[in-house]
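A short worksheet on the structure shown next.
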Amino acid sequence: MNGEELTEQETALYDRQIRVWGVDAQRRLSKSHVFVSGLKGTAVEFCKNIVLAGVGSLALNDDNPATGEALAANFLIPFDENMGGGGSLAELCCDSLKDFNPMVHVSVEKGDLSNFGVDFFEKFDVVVISCCSLAAKKSVNEKCRKLSKRVAFYTVDCRDSCGEIFVDLQNYSYAKKKVDETVQCQLQYPSFEEAIAIPWRSLPRRVAKLYFAMRVVERFEDVERRRPGETSIADLPNLMKLRNELCLAHSLNESQIPDSLLERLVVSTKEFPPVSAVLGGILGQEVIKAISGKGDPLKNFFFFDAVDGKGVIEDISTS
């Protein structure tokens, strides 16, 4: 959208949500540009949500071909093209998302995520990466932070029945309603690398066990040079060994990372669709907050476990 005001067509299409978050918030959404890399079930849920919300543009990045496993977790893949050379995941999802909201410009960015330079991310307001390696999370986050403008950065991971969202809004200001007045608030976010570098012994005693377990699996994949999702139940003994080493180094009781929780994170390489829906919904809500500047944003980790059905926010930072 090039103009400052919503068109008559946009006002009519987004009437319901304008009533919820206002014309100014919708105008900001309609001018925003979002990049998403890694199109499994959770990221696809997120893409659907923000396209329906009416962002200005959405760029998709995933050169992987459509497979039977991808079809099971990705409702945007046309059934008759799932394994017939019908294009990459990004291309297939792009075609489907255009039908959800023709007013949103949906495009494909081909190439490996690690090869995109700092300048590439300057054209976006929001960057979301999913199912990425530890190195990729650190690298892309750092590139976003090097830009002269603030780019909101998110990672989202779903491992079977568990999921995690990380948020970096850098130095972020937003409006918050208090009784009969609106006040301006400010939050300072650490980068992903800064957050996970905080010694575990320095964290509050009741930090979610899922935070520690995700770091163990993440570190294991990094050390073994595995792609996210390639770790299996056969690796559990080595995962437990690494867990013990990390707990010893961080002076953390091993009971904070139960064997059963580690097992659940690697027992299946698939994403549990109901968990994907929850994470995709929360992530969509948070991105809308960040773009509109309205409402308390998540700082800075969100965890969801389908076993107890609870979502937990953890502030993993030095502030």
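The values are calculated or read from the model by the stated rules, or taken from the named source; none is laboratory data. This one's a predicted model, so the numbers in the text were calculated from it and none came from an experiment. Note that we place each Cβ from the backbone using ideal geometry, even for glycine, and neighbour counts take in every protein chain shown. Protein only, heavy atoms only, side chains kept; ligands, DNA and RNA dropped before computing areas. Shrake-Rupley method; radii C 1.70, N 1.55, O 1.52, S 1.80 Å.
For the stretch 1-139, what % of the accessible area comes from carbon and sulfur atoms, probe 1.4 Å?
Numbers: 3210 of 6370 Å².
Whole-percent figure for carbon plus sulfur exposure: 50.
Peptides 135-146, 53-64: what's the order by average Cβ count within 10 Å, highest mean first?
Details: 135-146: 18.4, 53-64: 21.6.
Highest to lowest by the protection proxy: 53-64, 135-146.
How fast does the stretch 168-319 diffuse by Stokes-Einstein, in µm²/s, taking the Kirkwood radius from C-alpha pairs at 10 °C and 1.306 mPa s?
On the way: Rh = 17.3 Å.
Value of D from the Cα-based Kirkwood radius: 92 µm²/s.
For the chain, calculate the relative contact order in percent as a whole number, restricting contacts to Cα pairs under 8 Å that are 6 or more residues apart.
Values: 565 pairs, mean separation 64.4, N = 319.
About 20 percent, as a whole number.
Below 8 Å between Cα atoms, with a sequence gap of 6+, how large is the relative contact order for the stretch 81-220 in percent? It would help to have the intermediate numbers written out before the result.
Values: 132 pairs, mean separation 20.5, N = 140.
Once divided by the residue count of the stretch 81-220, the mean separation gives 15 percent.
For the stretch 147-276, calculate the relative contact order in percent as a whole number, restricting contacts to Cα pairs under 8 Å that are 6 or more residues apart.
Numbers: 147 pairs, mean separation 40.4, N = 130.
Over the stretch 147-276, the number comes to 31 percent.
Cα to Cα, under 17 Å, and not fewer than 8 places away if on the same chain: which aspartates and glutamates meet these conditions relative to Lys176?
Asp24, Glu286, Asp296
Using the structure shown, list the pairs from Lys209/Lys310; Lys137/Lys270; Lys40/Lys241; Lys149/Lys299 with a Cα-Cα distance above 22 Å, or answer none.
Distance filter (> 22 Å) returns Lys40/Lys241.
From the backbone phi of the stretch 146-163, what are the Karplus-calculated ³J(HN,Hα) couplings (6.51 cos²θ - 1.76 cosθ + 1.60, θ = phi - 60°) in whole Hz, Gly and Pro given as x?
7, 6, 6, 9, 7, 10, 6, 10, 9, 10, 9, 9, 10, 10, 6, 9, 10, x
Of all accessible surface on the stretch 197-267 at a 1.4 Å probe, what whole percent is carbon and sulfur?
Details: 1890 of 3910 Å².
Summing carbon and sulfur atoms, their accessible area is 48 percent of the total for the stretch 197-267.
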